[in-house]
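Okay, structure first, notes after.
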Amino acid sequence: MKNIFFLLFFFALGSTPNFGQQSNIQKIDAYLKDYQSKIPIPGFSIAIVQDNKTVFEKGYGTENQGISKAMTKNSSLGIGSLGRGFTAVGIMQLVEKGAVDLDAPVTKYLPWFTTANKNFSDEITVRMCLSNTSAIPAQFEAVPSLDPDKSLAKFVRSLEGYYVKRKPGLAYEFSEEGYSIAGLIISELSGMTYSNYVEKYIFQPLNMLRTTTNPSRFQELNVLYGHEMALSNFIPAAQGTIDGNFFPSGSEMKSSSADFANFMSMLLNEGKFKGTQFLKASSIEEIFKSNISFQGLGTMLGGNGIDIHCGLSWLEMNVENRLIYVQVGNTGTTAAIAGLSRENNQGVVLLFNGDVNRLDRYVYPTLENTVNNVIHILNGEQTTDFAITKFEDPYDDEDFVLPKEDWSKYYGKYYPFGKESPFFKDINIDIYEGKNGQIELKAFNEKILKGHYILQYTSESRAVLRNISHPREIQFKIFPNGTIGGLFMFGTEYKKRDPALAAKFKTVEINKGKDAFSCLLPETVKADWSETTYKVTFPNKAGVSLNLNMLDLEEISFDDFRFKAVDGKAIVTKGNIQPKNLKGGIWTEQTVFTKDQNGLEQHLLVTFQDPVAGKEIHAVFASPYGVFNTEVQEIVMYFQRSIAFKNE
């Protein structure tokens, strides 16, 4: 998911319902047309509910940049954390059946559940999972699986390796993990997958026919995958890797504004939808009841600083002396926002096919300000500058100019090294002089463009990323001789590719029957088949070896693979098993230290599973203790990024 959550957003609802005044609806339409002209986003849609009826719904712009198909009320796209509301409702349905107690520990429903500090995790309740008070720190790291329906349980079990950072229930901290736990409880108690449960018991009864978290329906619904940000516009995004770990927190939740209006109508009508009691009124009260609070948006950011209260997925805010309930979500390529005034029986939802939360807040109207003004107009009030930052762009006054003769030393390709940020994974960077005579940076996932920026240098070692998104600073690593060794960007270290080093690698193709597998390895390697294993030795690195096996794809136990890989040697210690998405498949690795009569040895155990090819690779990098240095890490990196199956 990858999903990034913006907690601090506010808007105001008027005290006098004016939805029946057609002139106000017309003014909203005019306001949104003007808003559309001010931002580079291709399209968005809106739905407004008043007195349990949808009174306004419309699309603006187009579904995709460069394509004329209009955005409509029925356009389905990723709504991110708005999907949490469905998990809260699902839990309340089970509460009504007597199957769940909100204040019972999670272990009552998942007896095996634990974190690394079991004394704390045993105290986590279902309510804490839904109110962001579980104290499980946000990992934002998915545990990939070949079967998304199985990955939720796999992910929750993986939390046994993480520490709860404080006594649960004492403080608010955004965490997708709590919703994953709650979603798994729904699945376990209902005997259904989470996706099937919400489809049958929430979306169908509420006539939300264009809402799903089931990837098999995405093509049927023609869901929109949104847009990436470029220099001056948005560009269509590709479908990302399916993230089943966070289905219950909205990672793959798709909906339309018309559908979500039905959900809001039910919540505003004490649980009734079109005359049917969908959820008890007492359950609705439980959903909106405050469990914890945290400080609101500060005055310099255009807010008022008043505390925000958190219910079960909804945030309660007091803005301009009016009480509202808010959900906001984004996926990196789409964005969504919903707000309810229970007092006035009003609800608004806006869905965007680009992540407007990331737009430059010094240049473009903020999402918070726009929604606030829509609601003001709905109630016959004047617009305000609420949520407009009071800061000026801190980089506008920079007068540093990078000498032209130094530009070329920054040019080149950069690849991630070490632990990567979960928000910017598997990204390669290219820095070059653009057509307009400026230094530009492009970020790619494989061949898919994920970002395009102009670099505004503020010193030799720092530059600001400039495009339509909010400016962010990156830092270069400069060696004593003045050459550029790498950079730090979005929490990840990147090393500059050394063309001389790259030239020392060659493509090795391994054929086995009708199948072929290729990768990059040092040109000096020696390799041969030995029964079913492709054995590689490195003449310039004594004791370093690589053994490769190619097999048909299967769900294997990494424990079984490790047992076979160490070949009876005593395991002294082992690191965590680390899976990651790679090239549409799953790369899983673990470091293991063994000991035998020859001494201590280090192994990097790797499996790479490719569901498209229907094949997998088992790899074992072995070296004497202390030899697994940076140079060997380079070999592993080139191997990982070049790995590919070829079906003849």
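The table that follows gives values for the structure above.
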{"item": "Residue pairs meeting the criteria (Cβ under 9 Å; at least 6 apart or on separate chains; first under 20 Å from ASP426 (Cβ atoms), in segment 494-508; second open to solvent by 70 Å² or more (accessible area, probe 1.4 Å) and hydrophobic (A, V, I, L, M, F, W, C))", "result": "TYR494/PHE488"}
{"item": "Odd one out for GLY486, checked against (1) surrounded by 14 or more Cβ atoms within 10 Å (Cβ to Cβ); (2) small (Gly, Ala, Ser); (3) free of Cβ contacts under 8 Å to residues at least 60 places away in the same chain", "result": "(3)"}
{"item": "Meets criteria (in contact (Cβ under 8 Å) with a residue 12 or more places away in the chain, under 24 Å from LYS580 (Cα atoms), not in a helix (DSSP H, G or I) and not polar (S, T, N, Q)) for GLU228", "result": "yes"}
{"item": "Residue list for segment 571-589, restricted to those being out of contact with any Leu (no Cβ under 8 Å at 6 or more places or on another chain), farther than 23 Å from ILE448 by Cβ and either open to solvent by 60 Å² or more (accessible area, probe 1.4 Å) or at pLDDT below 80 (or both)", "result": "ILE571, THR573, LYS574, ASN576, ILE577, GLN578"}
{"item": "Some residue of segment 416-432 being free of Cβ contacts under 8 Å to residues at least 40 places away in the same chain, surrounded by fewer than 17 Cβ atoms within 10 Å (Cβ to Cβ), more than 30 Å from the chain's Cα centre (by Cα) and closer than 17 Å to LEU487 by Cβ", "result": "no"}
{"item": "Any hit, segment 154-173, residues being acidic (Asp, Glu), out of contact with any Gly (no Cβ under 8 Å at 6 or more places or on another chain) and not in a loop (DSSP other than H, G, I, E, B)", "result": "yes"}
{"item": "Residue in segment 326-339 that is modelled with the highest pLDDT, counting only those that are farther than 24 Å from GLY240 by Cα and surrounded by 24 or more Cβ atoms within 10 Å (Cβ to Cβ)", "result": "ALA338"}
{"item": "In segment 288-308, residue most open to solvent (accessible area, probe 1.4 Å) [restricted to those that are within 27 Å of PHE391 (Cβ to Cβ) and without any contact (Cβ under 8 Å) to a residue 40 or more places away in the chain]", "result": "GLN295"}
{"item": "Unmet criterion (only one of (1) under 32 Å from the mean Cα position of the chain (by Cα); (2) at pLDDT 90 or above; (3) on the phi > 0 side of the Ramachandran plot) for ILE478", "result": "(3)"}
{"item": "Breaking point among (1) over 20 Å from LYS200 (Cβ atoms); (2) touching a residue at least 40 places away in the same chain (Cβ under 8 Å); (3) surrounded by fewer than 22 Cβ atoms within 10 Å (Cβ to Cβ), for VAL126", "result": "(3)"}
{"item": "Residue list for segment 309-348, restricted to those being part of a loop (DSSP other than H, G, I, E, B) and acidic (Asp, Glu)", "result": "GLU320, GLU343"}
{"item": "Test for GLY491: is it within 31 Å of the chain's Cα centre (by Cα) and either open to solvent by less than 10 Å² (accessible area, probe 1.4 Å) or within 27 Å of PRO522 (Cα to Cα) (or both)", "result": "no"}
{"item": "Among the candidates VAL100, VAL89, VAL49, residue that is closer than 30 Å to GLU270 by Cβ, open to solvent by less than 40 Å² (accessible area, probe 1.4 Å), among the hydrophobic types (A, V, I, L, M, F, W, C) and in a loop (DSSP other than H, G, I, E, B)", "result": "VAL100"}
{"item": "Strands (runs of 3 or more DSSP E) contained in segment 567-648 and holding at least 1 residues farther than 25 Å from PHE155 by Cα and charged (D, E, K, R)", "result": "585-596, 599-610, 644-647"}
{"item": "Test set (1) open to solvent by 30 Å² or more (accessible area, probe 1.4 Å); (2) more than 27 Å from the chain's Cα centre (by Cα) - VAL612 fails condition number", "result": "(2)"}
{"item": "Residues being open to solvent by less than 60 Å² (accessible area, probe 1.4 Å), over 16 Å from ASP360 (Cβ atoms) and polar (S, T, N, Q) - total across segment 445-482", "result": "4"}
{"item": "In segment 65-83, the residues that are part of a helix (DSSP H, G or I) and either among the small types (Gly, Ala, Ser) or open to solvent by 10 Å² or more (accessible area, probe 1.4 Å) (or both)", "result": "GLY80, SER81, GLY83"}
{"item": "Answer from SER623, SER642 - the residue that is within 21 Å of TRP529 (Cα to Cα) and touching a Lys or Arg at 6+ places or on another chain (Cβ under 9 Å)", "result": "SER623"}
{"item": "Subset of segment 231-250 [open to solvent by less than 10 Å² (accessible area, probe 1.4 Å), of a type in the set (Gly, Ala, Ser) and out of contact with any Gly (no Cβ under 7 Å at 6 or more places or on another chain)]", "result": "GLY244"}
{"item": "Strands (runs of 3 or more DSSP E) contained entirely in segment 371-488, each with at least 2 residues that are among the hydroxyl-bearing types (Ser, Thr, Tyr)", "result": "412-416, 448-457"}
{"item": "Residue list for segment 590-602, restricted to those being modelled with pLDDT of 90 or more and open to solvent by 10 Å² or more (accessible area, probe 1.4 Å)", "result": "THR591, PHE593, LYS595, LEU600, GLU601, GLN602"}
{"item": "Test: residue in segment 252-260 that is of a type in the set (Phe, Trp, Tyr), open to solvent by 10 Å² or more (accessible area, probe 1.4 Å) and either more than 18 Å from ALA182 (Cβ to Cβ) or part of a strand (DSSP E or B) (or both)", "result": "no"}
{"item": "Residue, surrounded by the fewest Cβ atoms within 10 Å (Cβ to Cβ), within segment 271-282, restricted to residues that are among the hydrophobic types (A, V, I, L, M, F, W, C) and outside any strand (DSSP E or B)", "result": "ALA281"}
{"item": "Any hit, segment 536-553, residues being assigned to a loop (DSSP other than H, G, I, E, B), open to solvent by less than 70 Å² (accessible area, probe 1.4 Å) and over 16 Å from VAL632 (Cα atoms)", "result": "yes"}
{"item": "Test result for GLU285, open to solvent by 30 Å² or more (accessible area, probe 1.4 Å) and assigned to a helix (DSSP H, G or I)", "result": "yes"}
{"item": "From the options THR370, THR383, residue that is touching a residue at least 60 places away in the same chain (Cβ under 8 Å) and open to solvent by 20 Å² or more (accessible area, probe 1.4 Å)", "result": "THR383"}
{"item": "Count - residues of segment 201-222 that are open to solvent by 10 Å² or more (accessible area, probe 1.4 Å) and in a loop (DSSP other than H, G, I, E, B)", "result": "7"}
{"item": "Residue match in segment 104-123 (condition: in contact with a helix residue (DSSP H, G or I) (Cβ under 7 Å, 6 or more places away or on another chain), within 22 Å of GLY271 (Cα to Cα), modelled with pLDDT of 95 or more and crowded, with 20+ Cβ neighbours inside 10 Å)", "result": "no"}
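The values are calculated or read from the model by the stated rules, or taken from the named source; none is laboratory data. The model shown is predicted, which means the values in this text are computed figures rather than measured ones. Neighbour counts run over all protein chains shown; Cβ positions are idealised from the backbone, glycine included. Side chains included, ligands, DNA and RNA excluded: accessible areas come from the protein's heavy atoms. Shrake-Rupley method; radii C 1.70, N 1.55, O 1.52, S 1.80 Å.
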